[in-house]
Each structure stands twice: as structure tokens, then as C-alpha cells.
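S.K.: Below are the C-alpha cells for one structure; questions will follow.
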Amino acid sequence: MKKIFLLICISAAFLPFVSCQKQEVDLLPPSEEGNFTTWSEVFESFWNAMNYNYVFWDIDETDWDAVYGSYAPRFEALGDYTMSTFDEAGELFQEMTSGLVDHHYLFALKSTEYYIYSQPAQIEILTRDYYHEAMDIQQLINNAQAEVANGRITQFSGAAGYVGDSYMVAMSYLIDNVAYIYFSGFHWTYLMYYTDNLESNAMYQVYRNFFDIIDNTPGLKGVIIDVRNNGGGYLNDLNLMHSMLMSEPTQIMWMRTKNGLGRYDYGPWTPCMAYPAEDSRRIQVPLVQLVDLNSVSMSEMSSLLVKELPNGAVIGERTYGGLGALMGNFDYSYTGEVENASYWIYTTTTMGKDMQGNRVEGIGVIPDVEVLFDRESFMAGTDVQLEAALDYIESAQ
């Protein structure tokens, strides 16, 4: 039976909540606030929700008290909570959240007509000197199909379609005696548990093909997991992918969350572990994870795991920097998602650091071998990051 990674990482992080939450019986959760009549009331609700709900205050450079002093009078000046000043209020919310470090963070100011959004990470990544638009997945497929045509790639399997509510593209194949898989999201858990006639499902065939290649290729040189332009997904997917390749229990990172209403009320740092599945292939050949600027969330957590494996290496670019888990809301704990009739806060429930104690949120996972994305070469048919991964594996032979 496979060990459930999700429970191992989360249950330890949330143990402090069992007794603490009951101590605050007089607190009205932000999700239950409503009937605002002025913009000042909306601002007060939002500021307080962030003040005791946001998990990154000890590393975030935003001075939240200074934000209050600066913006409270500006919201008060907007007067009544009406659509006539909705756009102006939206601009103020965008300004005051623009520097937040949480790279999952999304704020929406809601109305019956439209929403105004703020996503600070999209501002930050534009400042990186290696910034580029998202990799063209269709071109990635085209490049692979060209290699199929010339015989370099064999045993190709590909699929695209919705897995639940998420659109997913995946392909697996053998190239230069290396097993390769690409997938645009960590949605294998949903696929496995909620798909009828799984064996005949095209997406499952991609997954199955990948492990068949590993199992049946004489002289297999290595394995590549490509999570470029991958927006993340289920924590439990580690059981279905990386745990199927590991040999030994491995600590991925350290995690902590909040255990009180105070801005700096944190629980202890707890180890986040991954374990080999009972039917793991326990590969000894090099395992490379390909990443880029748009590798987010589970792409980053799994990259930290690969970095800790004795045969693992992460190749590509520094990743997005949105590593925290998304697994609760304020009604359940002291952090996480908040929503009421006027606004929505989508924010991380845990803070993580790598095994060397380095902050990852807002920075990203630094690859073992940096290879920047070359769009011109990529669109012309040469994927320099993939070729670097193949060269790395070849050099290890």
C-alpha cells in the first residue's frame, strides 16, 4: 500500500489547531462579515483578515501597520460602499497588496457586475532578468513529434483533455534510452480516483507508458520528469510519480503554519517527508526534473524532493516561487482562504524552507544546473533545456 504523502505533510503542520481554535469563540470569521455600508468597513475587514490570517508576515517586507495608516483615510474618503467608487477602491486594494511575497496570493474585489483582481506574483516575475512568456506546449509536442518522425523518439504516448475541472496535457516517450514524461499539472490523483474505465483512458495511457518504459528498457540511462509550465495540483501526486521511483525515505523541506491570531503566532517547523511506494522501481539511474520560470507549487515541492535524492538533479531556471500548500481556510485554521460577499483572499496556509534553511516563497527553487529557456531555438525545433538534461544523464554513464 502506498504511503499518503498528503497526510504526512499536513497532519503534523495542523496539530496545533486542535485545541487553539476553540479559545477564540468570540471571533467573527471574516467570511461571516457582510452588509458593509462604507468602503472604510470593507477596508477594516480586509486589513484585519490579512493581519491575523496571512502566514508570511515574518518574511514579507510589507509594513502592514504602515499600510493601515496610509490607506485607512483613503478608503474613508471614498464614502459609501457603492459601484460609483468601485474601480477606485479596486485600485487601492491593488496598490496595497502589490508587494506581498505569497506567490499564490490572489485578491478579488467582488461586485455583482465584475471583479477587480490583484496578483502580486505577476508583478514580481516581470522584474526577473530571465523572464519569458510561458513555454508553448503545442510547440513542445511538435518538437517531440518531429523526433518521432526521425526515429530518435520511440514509444510515444500523448493526451490532452480535462481531468476534473483542470485541462491537462501529457506525453511520455523513450529518447536516447532515457524515459521522459511531461505533464502540465499534478492531476494524477484525480485521474486515478475519479475516472471510470481507467485502463482505457488516454491520459492514464501516458502515465502507464512512462512506467512501462522504465520497467522494460534494457540499459535505461536515466529518467526525466518535465514540469515546465506546470501550475501544480495535488500533493498526493508525489505518491503516484516520484514515490514510484525513490529508494529511501527522504525529507523534502520544512513546513510551518500559524497557531494563533497574532501576526507572528506560528507553530513549530515540521519535517515534510516523502516515502518510496511499496511497488517503487527504486531506480539508481539519474533522475532529472526539468523546471522553468512557470513551474509553480507542486512543481516546486517535487523539485525540492528531487534535489535531495542521491541520484536527483534539477535542471532549468529558477522557478516561480509559490511553494506554500493550499489546504484550508480561516474557518478551519488560523490561515488560508477567506471569502465573503465583498472580497476573496486566496492565500497559502503554510510556509516552507528548503533543507538548507533557505526561504523559497517569492524566490523559487534554484536549479542544480541552470539552463535558460531559449525561445528562438525552441520554436525552431531545438529544446536546449531538454538537451541539457539528456547531456547531463549521458555524462553520468
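The values are calculated or read from the model by the stated rules, or taken from the named source; none is laboratory data. As the structure is a computational prediction, the values presented were derived from the model and not from experiment. All Cβ positions, glycine included, derive from the backbone under ideal geometry; neighbour counts span all protein chains shown.
S.K.: Modelled with pLDDT of 95 or more, touching a strand residue (DSSP E or B) at 6+ places or on another chain (Cβ under 8 Å) and farther than 27 Å from residue 323 by Cα: which single residue out of 220, 191 fits that description?
M.R.: Result of the check over 220, 191: 220.
S.K.: Going residue by residue through the range 31-47, is there one that turns out to be at pLDDT 95 or above, charged (D, E, K, R), under 17 Å from residue 91 (Cα atoms) and surrounded by 15 or more Cβ atoms within 10 Å (Cβ to Cβ)?
M.R.: yes
S.K.: Can I ask one more? Here are the criteria: (1) in contact with a helix residue (DSSP H, G or I) (Cβ under 6 Å, 6 or more places away or on another chain); (2) within 16 Å of residue 292 (Cα to Cα); (3) in contact (Cβ under 8 Å) with a residue 24 or more places away in the chain. Tell me which single one residue 374 does not satisfy.
M.R.: Every condition holds for residue 374 apart from (3).
S.K.: Considering each of 72, 13 in turn, give the residue that is in a helix (DSSP H, G or I), surrounded by 14 or more Cβ atoms within 10 Å (Cβ to Cβ) and at pLDDT below 95.
M.R.: 13
S.K.: Can I ask one more? How about the range 204-228: which of its residues are assigned to a loop (DSSP other than H, G, I, E, B) and crowded, with 23+ Cβ neighbours inside 10 Å?
M.R.: The answer is 227, 228.
S.K.: Now a separate question. Do you know which residues across the range 84-112 are part of a loop (DSSP other than H, G, I, E, B) and under 30 Å from residue 319 (Cα atoms)?
M.R.: 98, 99, 100, 101, 102, 103, 104, 105 - these are the residues of the range 84-112 that are part of a loop (DSSP other than H, G, I, E, B) and under 30 Å from residue 319 (Cα atoms).
S.K.: Having 2 or more residues that are touching a strand residue (DSSP E or B) at 6+ places or on another chain (Cβ under 7 Å) and closer than 16 Å to residue 230 by Cα is the bar; report the strands (runs of 3 or more DSSP E) wholly within the range 279-397 that clear it.
M.R.: Because the criterion is at least 2 residues that are touching a strand residue (DSSP E or B) at 6+ places or on another chain (Cβ under 7 Å) and closer than 16 Å to residue 230 by Cα, the strands (runs of 3 or more DSSP E) in the range 279-397 that meet it are 287-291, 312-316.
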